[in-house]
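Asker: Quick one: the structure is below, and I'll ask about it shortly.
The values are calculated or read from the model by the stated rules, or taken from the named source; none is laboratory data. The structure presented is a predicted model; accordingly, all values stated were derived computationally and were not measured. Methodologically, a virtual Cβ is constructed for each residue, glycine included, from the backbone with ideal geometry; neighbour enumeration extends over all protein chains shown. Please note that ligands, DNA and RNA were not included when accessible areas were found on the heavy atoms of the full protein model with its side chains. Shrake-Rupley method; radii C 1.70, N 1.55, O 1.52, S 1.80 Å.
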Amino acid sequence: MKILSVKFSNLNSLREEVDIDFVDGPLGNAGLFAITGPTGSGKSTILDAISLALYGSTARNQKHEIISRGSRKAESAVEFELKGKRYRSTWSMRLSKPRTEGKSPTGTPSMELALVDQIDLGKDEIIGEKVSVVPKLIEQLTGLNFSRFTQSMLLAQGQFDAFLVAPTKDRSDLLEQIT
């Protein structure tokens, strides 16, 4: 799986719309890059946005807690390429009232997975539309469930050793699936 772009809004402390293109611009030719910055600048939020769009979960937040305070809606979309095909996976959640300190408001997340038509962008094929379906489709496509994805692909801040301390058989299986 090659992540092509991530777009999100109202996640954690990043209230504005964020659009990161890993294909065009400075990151497209970088090959290898690091996400760096001071504490609270949003580094882990980028990883949260990717895992939300693909699996509807994050390694560090409850779904309601990830929405920026004062916001009623959060969204995340990831475009990725796998075996020559391009996909877009999206997650969004609308709360009954803006998130504030204290009690979490109620809200229901939604997800969608589409096969992107690269010739006619308006003719994408929706292949999954439910929170209960999309993560399973992602797992079928990639061979990685949420746990394996976070261990092997998203070594989030403070969890770098998760892959290193995994049992040898698990590491071997993960490396085989990744490559």
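Asker: Could you please find all residues in the range 1-47 being touching a residue at least 60 places away in the same chain (Cβ under 8 Å) and closer than 15 Å to Ser92 by Cα? So that I can check it myself, show each step before the final result.
Answerer: Step one: filter the range 1-47 for residues touching a residue at least 60 places away in the same chain (Cβ under 8 Å), giving 1-11, 43-44, 47.
Val6, Lys7, Phe8, Ser9, Asn10, Leu11, listed by residue number.
Asker: Here's a check for you: in the range 140-179, which residue that is touching a helix residue (DSSP H, G or I) at 6+ places or on another chain (Cβ under 9 Å) and within 15 Å of Val78 (Cβ to Cβ) is modelled with the lowest pLDDT?
Answerer: Across the range 140-179, the extreme among qualifying residues is Leu154.
Asker: With (1) surrounded by 21 or more Cβ atoms within 10 Å (Cβ to Cβ); (2) touching a residue at least 60 places away in the same chain (Cβ under 8 Å); (3) of a type outside the set (Asp, Glu) as the list, and Leu82 as the residue in question, which single condition is left unmet?
Answerer: Checking Leu82 against (1) surrounded by 21 or more Cβ atoms within 10 Å (Cβ to Cβ); (2) touching a residue at least 60 places away in the same chain (Cβ under 8 Å); (3) of a type outside the set (Asp, Glu), the one that fails is (1).
Asker: Separate question: Which one of Ser57, Ser96, Ser104 is modelled with pLDDT under 75, of a type in the set (S, T, N, Q) and more than 20 Å from Glu17 (Cβ to Cβ)? Write out each step before concluding.
Answerer: Details: Ser57 fails: modelled with pLDDT under 75; Ser96 fails: modelled with pLDDT under 75.
Of Ser57, Ser96, Ser104, the one residue that is modelled with pLDDT under 75, of a type in the set (S, T, N, Q) and more than 20 Å from Glu17 (Cβ to Cβ) is Ser104.
Asker: For the condition farther than 18 Å from Leu11 by Cβ and either at pLDDT 90 or above or not aliphatic (A, V, I, L, M) (or both), what is the one hit in Leu82, Leu121? Step through it out loud before you land on a result.
Answerer: Working: Leu121 fails: either at pLDDT 90 or above or not aliphatic (A, V, I, L, M) (or both).
Testing whether each residue is farther than 18 Å from Leu11 by Cβ and either at pLDDT 90 or above or not aliphatic (A, V, I, L, M) (or both) leaves just Leu82.
Asker: Among the residues of the range 27-43, write down those that are on the phi > 0 side of the Ramachandran plot and at pLDDT below 75. Can you show your working first?
Answerer: So in the range 27-43, the residues on the phi > 0 side of the Ramachandran plot come out as 31, 37, 40, 42.
Hit for the range 27-43 is Gly31, nothing else.
Asker: Can you give me the number of residues within the range 131-142 that are open to solvent by 30 Å² or more (accessible area, probe 1.4 Å), touching a residue at least 24 places away in the same chain (Cβ under 8 Å) and not aliphatic (A, V, I, L, M)? Spell out how you get there, then give the answer.
Answerer: Residues of the range 131-142 that are open to solvent by 30 Å² or more (accessible area, probe 1.4 Å), as a first pass: 131-133, 136-137, 139-141.
Restricting the remaining residues to those that are touching a residue at least 24 places away in the same chain (Cβ under 8 Å) gives 131, 137, 141.
Filter again for not aliphatic (A, V, I, L, M), leaving none.
Number satisfying all stated conditions: 0.
Asker: Still on this structure, please answer the following. Give the residue, chosen from Ser41, Ser51, Ser5, that is open to solvent by 40 Å² or more (accessible area, probe 1.4 Å) and among the polar types (S, T, N, Q). Before the answer, list the steps.
Answerer: Working: Ser51 fails: open to solvent by 40 Å² or more (accessible area, probe 1.4 Å); Ser5 fails: open to solvent by 40 Å² or more (accessible area, probe 1.4 Å).
The conditions single out Ser41.
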